[in-house]
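J.: Before I ask anything, let me first share the structure, which is written out below as structure tokens.
The values are calculated or read from the model by the stated rules, or taken from the named source; none is laboratory data. As the structure is a prediction and not an experimental result, all values here were calculated from the model. Cβ sites come from the backbone with ideal geometry, for glycine too, and all protein chains shown count toward neighbours.
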Amino acid sequence: MRSMVRGALVAAAYVAVSYALAPISFGPLQFRAAEGLTLLPILFPEAVPGLFLGCLAANLIGPYGLPDIVLGSLTTLAAAIVTRVFRRSAVAYVAPIVLNALFVSAYLTFLTGVPYWALALSIGASEAASVLAIGVPLLKFMRRRWQGGTGV
């Protein structure tokens, strides 16, 4: 029960942060602060479905409709799974950055007309900022807070 609640809280936090910062969370030039949560699968397996559902719900208000809802959410799911599987290596930290830069840029190129590499660099830089500036400190805080606890 505790893990289900924790997964739901991850989803709710992702949606809340994305909605609160909606003007900068969506678009070809974006800073999605909620992506700082993408390192939580390192600690909690239930963060994997929580991130997927949170991203899915957040993308419902985005300007790119079904492609973003489906492909963006699946990219987040893939990144969360890779982060969980490789949680003891640097791959866990790099996966959300690389996967979002490569895949989100691919479909946004078709939807916006912005060149692929420009989007890949922009989204990669934004994702790196979210993961490194928000996700890493959050992960350190969570490790201290729940040191020795279940799932940590």
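J.: Evaluate the stretch 116-137: report whether one residue or more is modelled with pLDDT under 95, surrounded by fewer than 18 Cβ atoms within 10 Å (Cβ to Cβ) and either aliphatic (A, V, I, L, M) or in contact with a Cys (Cβ under 6 Å, 6 or more places away or on another chain) (or both).
T.: no
J.: Here are 6, 32: which of them is within 11 Å of the chain's Cα centre (by Cα) and of a type outside the set (Asp, Glu)?
T.: None of the others qualify; the one that does is 32.
J.: Out of 44, 86, report the one residue that is of a type in the set (Phe, Trp, Tyr) and under 16 Å from residue 11 (Cα atoms).
T.: So the residue among 44, 86 that is of a type in the set (Phe, Trp, Tyr) and under 16 Å from residue 11 (Cα atoms) is 44.
J.: Answer yes or no: is there a residue in the stretch 8-15 that is in a helix (DSSP H, G or I), touching a helix residue (DSSP H, G or I) at 6+ places or on another chain (Cβ under 8 Å), at pLDDT 95 or above and farther than 23 Å from residue 132 by Cβ.
T.: Going residue by residue through the stretch 8-15, those that are in a helix (DSSP H, G or I) are 8-15.
Next cut, touching a helix residue (DSSP H, G or I) at 6+ places or on another chain (Cβ under 8 Å) only: 8-15.
Those left that are additionally at pLDDT 95 or above: 8-15.
Next cut, farther than 23 Å from residue 132 by Cβ only: 8, 12.
Yes, the stretch 8-15 has at least one match.
J.: Pick out the one residue from 133, 125, 92 that is within 20 Å of residue 18 (Cα to Cα), in a helix (DSSP H, G or I), of a type outside the set (Val, Ile, Thr) and touching a residue at least 40 places away in the same chain (Cβ under 8 Å).
T.: From the options 133, 125, 92, the qualifying one is 133.
J.: Can you pull out every residue in the stretch 93-121 that is among the aliphatic types (A, V, I, L, M) and closer than 14 Å to residue 35 by Cβ?
T.: Scanning the stretch 93-121 gives 94, 95, 97, 98, 99, 101, 104.
Condition check ((1) among the acidic types (Asp, Glu); (2) modelled with pLDDT of 95 or more; (3) surrounded by fewer than 20 Cβ atoms within 10 Å (Cβ to Cβ)) across all residues:
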| residue | (1), (2), (3) |
| --- | --- |
| 19 | no, no, yes |
| 27 | no, no, yes |
| 58 | no, yes, no |
| 77 | no, yes, yes |
| 80 | no, yes, no |
| 89 | no, yes, yes |
| 93 | no, yes, no |
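J.: Turning to a different aspect of this structure: Taking residue 23 and the conditions (1) out of contact with any Cys (no Cβ under 7 Å at 6 or more places or on another chain); (2) under 22 Å from residue 82 (Cβ atoms); (3) part of a helix (DSSP H, G or I), which numbered condition does it fall short on, given that it satisfies the others?
T.: (2)
J.: OK, next. Name the residue, out of 61, 97, that is over 13 Å from the mean Cα position of the chain (by Cα) and touching a residue at least 12 places away in the same chain (Cβ under 8 Å).
T.: 61
J.: For the stretch 1-36, name all the residues that are touching a Phe, Trp or Tyr at 6+ places or on another chain (Cβ under 9 Å) and without any contact (Cβ under 8 Å) to a residue 12 or more places away in the chain. Spell out how you get there, then give the answer.
T.: Restricting attention to the stretch 1-36, the residues satisfying the condition of being touching a Phe, Trp or Tyr at 6+ places or on another chain (Cβ under 9 Å) are 3, 6-7, 10-11, 18, 21, 24-27, 32, 34-35.
Within the stretch 1-36, just 24 meets the criteria.
J.: Could you check, for the stretch 144-151, whether at least one of its residues is touching an Asp or Glu at 6+ places or on another chain (Cβ under 9 Å), among the small types (Gly, Ala, Ser), at pLDDT below 95 and over 16 Å from residue 14 (Cα atoms)?
T.: Going residue by residue through the stretch 144-151, those that are touching an Asp or Glu at 6+ places or on another chain (Cβ under 9 Å) are 151.
Among the residues that remain, those that are also among the small types (Gly, Ala, Ser) are: 151.
Right, trim to at pLDDT below 95 and you get 151.
Within this subset, residues satisfying the condition of being over 16 Å from residue 14 (Cα atoms) are 151.
Yes, the stretch 144-151 contains at least one residue that is touching an Asp or Glu at 6+ places or on another chain (Cβ under 9 Å), among the small types (Gly, Ala, Ser), at pLDDT below 95 and over 16 Å from residue 14 (Cα atoms).
J.: Still on this structure, please answer the following. If residue 64 satisfies all but one of (1) surrounded by 17 or more Cβ atoms within 10 Å (Cβ to Cβ); (2) under 22 Å from residue 133 (Cα atoms); (3) of a type in the set (Ser, Thr, Tyr), what's the number of the condition it fails?
T.: Every condition holds for residue 64 apart from (2).
J.: Across the stretch 26-45, what is the total count of residues that are in a helix (DSSP H, G or I) and not small (Gly, Ala, Ser)?
T.: Count: 7.
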